[in-house]
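One structure is given here, and the rest of the page talks about it.
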Amino acid sequence: MTRFKPSVAAAIVIANMIGTGVFTSLGFQLVEIQSVPVLLALWAVGGLAALCGALSYAELGAALPRSGGEYHFLTEIYHPIAGFISGWVSATVGFAAPTALAAMTFGSYLSAVFPQLSAIWLATGLIVVLAVAHSRSHRSSGSTQSLFTLLKIVLIVGFAALALLFNEAGQETRFLPAAGDGALLFSGAFAVSLIYVNYAYSGWNAATYISGELEHPQRSLPLVLVASTSLVCLSYLLLNYVFLAVAPMEAMVGKVEVGYVAASYAFGEAGATIMGILLALLLVSTVSAMILAGPRVLHRIGEDFPVFRPLGRVNQDGIPSNAVLIQALVALGFLWTASFDRILVFSGATMALNTFFTVFGVFLLRWKQPTLKRPFKTWLYPLPPLIFLVITGWTLLYIVLQRPVEAMISLAIIVTGGVFYFASLRVGNRLAPNHSSTMTSSGSGS
């Protein structure tokens, strides 16, 4: 069976991370924070959290090398119910919801440039085409992802260089710290803004979902996670620096389309059209990466639970084609029924909770299985997992305080996952009486 090369895994991580968030969230941050150094620090802190999370996941992925991401990790470290709920979250929120969100943005930007085209049908067509491409073979799947990710990096660097080079307006933006900036770094406004930033960084863990299909996973996975996350962090700092350098803050406050605003100031009237096409092309890669990585969670669930056995089947090239198609259908359901803002907030909160318990699992696994072979150990342990837990816990607290409705939706999704777990066990016991007990004893990680 052919396997993904490390370069493809890196492309998946980069494409999963660079998507909707970085091109839409600055306007919301500017509502409360008007300091450029603090805004750039916001993206640096988010990058630090993502890098610490990537280092922690690298240890788990090298020690437990099998596809499935958090589903696999939490099953082995905690209990199969934790893994199932995590898989449920990943399938319904972690990938399907952001896929719909990125497709929505793709359709919106492209329909703004070509008003005769329907945004919802453009988004639908994108999901369908990419689902078909990723359900065939590793070769077509990997080459599709690498091509779109390379295009994304080239376009980001090109836009940044051209915007800075041809910006004739020259904004009088203060980039040096001033009095009061230190207090902002520890304010509630900073914590609330981290909700959007952490969503923009989500996806740094994507390579762990295909680690079982990766060449030499125990050696290459840590390098893939750390290098990709670092590259994205630098890209985010560059993009936000450019946005703030070429457009006045007051023009972007509360705006979703900050890319449009920045482009219009940098390039004139044609800027909005250029940025619309640019963002549409960038988001193709994001949707592609999510459709590729997410179904591996459904595939693992299909392998472990008899009632979901069709999801565990693969085609002749080892691709879980059934899972790919189901994931696409769930994304289409979100696309046609939910709003942009609601998807962003509740999916961001739920995914943050998922990664919080996974990173905490680094400590738990070292305690439960100290002799387990670990080809990679988290650098500067225990600092990276501790830093991640503190930053993520801080943002989760403010989601509960500031957005209680979305927090309750996240809780409802988790509870529903638990209900489905016990229901699937009862059905599975009737289909295969010995399967469930075997899986529970082997998956507990003890």
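Only one of the listed residues (Ala247, Ala270, Ala263) is over 27 Å from Val45 (Cβ atoms) and in contact with a helix residue (DSSP H, G or I) (Cβ under 9 Å, 6 or more places away or on another chain). That residue is Ala270. Restricting attention to the range 337-375, the residues that are surrounded by 21 or more Cβ atoms within 10 Å (Cβ to Cβ) and of a type in the set (Phe, Trp, Tyr) add up to 1. Only residues that are crowded, with 16+ Cβ neighbours inside 10 Å and modelled with pLDDT of 85 or more: list them for the range 246-261, please. Selection gives Val246, Ala247, Met249, Met252, Val253. Where helices (runs of 4 or more DSSP H) fall wholly inside the range 25-84, the ranges with 1 or more residues that are modelled with pLDDT under 85, within 16 Å of the chain's Cα centre (by Cα) and of a type in the set (D, E, K, R) are 70-77. From the list Pro370, Pro385, the one residue that fits, being in contact with a Cys (Cβ under 8 Å, 6 or more places away or on another chain) and either at pLDDT 95 or above or farther than 21 Å from Ala49 by Cα (or both), is Pro385. Within the range 34-53, does at least one residue satisfy the condition of being closer than 23 Å to Pro295 by Cα, buried (at least 24 other Cβ atoms within 10 Å of the Cβ), in contact (Cβ under 8 Å) with a residue 12 or more places away in the chain and touching a helix residue (DSSP H, G or I) at 6+ places or on another chain (Cβ under 6 Å)? Scanning the range 34-53, I find at least one residue that is closer than 23 Å to Pro295 by Cα, buried (at least 24 other Cβ atoms within 10 Å of the Cβ), in contact (Cβ under 8 Å) with a residue 12 or more places away in the chain and touching a helix residue (DSSP H, G or I) at 6+ places or on another chain (Cβ under 6 Å), so the answer is yes.
Return yes or no: is Phe106 aromatic (Phe, Trp, Tyr), modelled with pLDDT of 85 or more, surrounded by 23 or more Cβ atoms within 10 Å (Cβ to Cβ) and more than 30 Å from Gln369 (Cβ to Cβ)? Spelling it out, Phe106 is indeed aromatic (Phe, Trp, Tyr), modelled with pLDDT of 85 or more, surrounded by 23 or more Cβ atoms within 10 Å (Cβ to Cβ) and more than 30 Å from Gln369 (Cβ to Cβ). On the given criteria, is Ala352 part of a helix (DSSP H, G or I), in contact with a Leu (Cβ under 6 Å, 6 or more places away or on another chain) and closer than 24 Å to Ser56 by Cβ? Yes. For Thr92, the conditions (1) under 20 Å from Gln327 (Cβ atoms); (2) touching a Ser or Thr at 6+ places or on another chain (Cβ under 7 Å) all hold with the exception of (2).
Scoring Ala270 on the criteria (1) buried (at least 20 other Cβ atoms within 10 Å of the Cβ); (2) modelled with pLDDT of 75 or more leaves a single failure, condition (1). Inside the range 1-19, residues that are over 29 Å from Asn315 (Cβ atoms) and at pLDDT below 75 make up a count of 0. Residues of the range 158-195 that are under 22 Å from Ile277 (Cβ atoms) and either surrounded by 15 or more Cβ atoms within 10 Å (Cβ to Cβ) or at pLDDT 85 or above (or both): Gly158, Phe159, Ala160, Ala161, Leu162, Ala163, Asn167. Regarding Leu380, is this residue outside any helix (DSSP H, G or I), over 30 Å from His134 (Cβ atoms) and hydrophobic (A, V, I, L, M, F, W, C)? Considered against the rule, which asks whether it is outside any helix (DSSP H, G or I), over 30 Å from His134 (Cβ atoms) and hydrophobic (A, V, I, L, M, F, W, C), Leu380 comes out as yes. Condition (residue is at pLDDT below 85 and either touching a Ser or Thr at 6+ places or on another chain (Cβ under 7 Å) or assigned to a helix (DSSP H, G or I) (or both)) applied to the range 121-129: is it met by at least one residue? No, the conditions are met nowhere in the range 121-129. Scanning the range 73-103 for residues that are crowded, with 19+ Cβ neighbours inside 10 Å and not hydrophobic (A, V, I, L, M, F, W, C) returns Thr75, Glu76, Tyr78, Pro80, Gly83, Ser86, Gly87, Ser90, Thr92, Gly94, Pro98, Thr99.
The values are calculated or read from the model by the stated rules, or taken from the named source; none is laboratory data. Since the model is a prediction, treat every value here as computed from it, not as a measurement. Quick reminder, even Gly has a Cβ in these numbers, built from the backbone with ideal geometry, and neighbours come from all protein chains shown.
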